[in-house]
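Remarks on the structure that follows.
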Amino acid sequence: MPTLSPAKLCLTLIAGVSLAAPALGQSAEQFYKAQKTMTIIVGSAAGGSYDTYARVMGKFLSANLPGHPNFVTNNMPGGGGMRAANYLYNVAPKDGSTMMIMARAIPTAPLLYGAESQSQFEATKFTWIGSLVKEMGMGVVAKNSPATTLDEMKKAEITMGVSGLEGDPAMYSRLFNSLYGTKLKNIAGYQGQPETLNAVEKGEVHGLFLSGWSGSGRAYVKDKVAKGDWKIFVQMGLEKDPDYPEIPTVMDVIENPKDKEVLKFLFGRQILGQPFTAPPAIPADRAAMLRAAFKTSVDDPAMRAELERQRFALSPVYGEDALKIITELYATPTDVVAAAQKLVKIPQ
């Protein structure tokens, strides 16, 4: 390869900067009109509720962004969604072309697990776009499990399938072991909720905690419960699902007032549901356009009809509200956070 003279090298660099400048100076409308493909990262395997929400959202965002870019779903399982979140924050392009649907436990993992967390991000710096649903959780076991109630689980060890130890399902087991004296044992390594549900079906584990109660897992479990094959033993939220008024919530069974304050903090996060977020520091007008397209999509009756057809819920949280929730969570009094950290600590 010939060596450029200093003068030619300088001209080459100037030309490169000149070519790049228009791209850097594009308006949001110009950028999305020129953007042929966009990516939604899913931090779990295909087939679960996160995956379905991502694909539905991609379809409607495409219709509501200038140029109608094609959305590609990239499944990136690992660590209960931590791998994908770290990638989004540190590696993904910060131009507004990439976003993800994030596991609800991930944004507060640095807050709850501190130095033990595998997180490599500051949650308040993500670009929060919105969530299609507010969430609650459920504890479920097969009918032939050695125990099917929390009181029975104080005497018999119950195995619970989880994808990662920093996810909410694994944390729920530790919570009950600490506050209620149960013997729940997490079995980690499942790629996502579909694989964990299948593991319960095959008898590899006794049960699981669903940290979300809005998508395909909800429909699947409700059918199993209706047939008498599985049993819901606790509801993981501040309120009950009206379909199961006889099943206690975690707030019903934990009686200590100080513990209840911590639980209010832990379960207050559920309003985030399954949030869509983009990398930090994307151009402000592109962030605003993504949020506007999200709201337009959610307000489209066709989206509600599509989600209802698939038996998925729709109870949205918009981008500005999602950012406010995250900011308030990170402003939680230190004594409450410390108590929560002690409660959810991952055993070594």
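The values are calculated or read from the model by the stated rules, or taken from the named source; none is laboratory data. Not measured: the values here are computed from a predicted model. Positions of Cβ are backbone-derived with ideal geometry, glycine not excepted, and every protein chain shown enters the neighbour counts.
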Any chance the range 82-99 includes a residue that's modelled with pLDDT of 95 or more, surrounded by fewer than 18 Cβ atoms within 10 Å (Cβ to Cβ), of a type outside the set (Asp, Glu) and closer than 26 Å to Asp299 by Cα?
no
Considering only the range 289-348, give the helices (runs of 4 or more DSSP H) lying wholly within it that have at least 2 residues that are buried (at least 16 other Cβ atoms within 10 Å of the Cβ) and under 19 Å from the mean Cα position of the chain (by Cα).
319-329
Gln26 meets each of (1) without any contact (Cβ under 8 Å) to a residue 24 or more places away in the chain; (2) in a helix (DSSP H, G or I) with one exception, condition (2)
In the range 337-348, which residues are modelled with pLDDT under 90 and not small (Gly, Ala, Ser)?
Gln341, Lys342, Leu343, Val344, Lys345, Ile346, Pro347, Gln348
So, first residue within 12 Å of Thr277 (Cβ to Cβ) in the range 35-49, second residue of a type in the set (Ser, Thr, Tyr), Cβ within less than 6 Å, six or more apart or across chains; the pairs are Ile40/Thr73
For the range 264-280: of the residues being more than 13 Å from the chain's Cα centre (by Cα) and at pLDDT below 95, which is nearest to Arg218 (Cα to Cα)?
Phe267
Quick one: is Leu175 crowded, with 18+ Cβ neighbours inside 10 Å, in contact (Cβ under 8 Å) with a residue 40 or more places away in the chain and over 19 Å from the mean Cα position of the chain (by Cα)?
yes
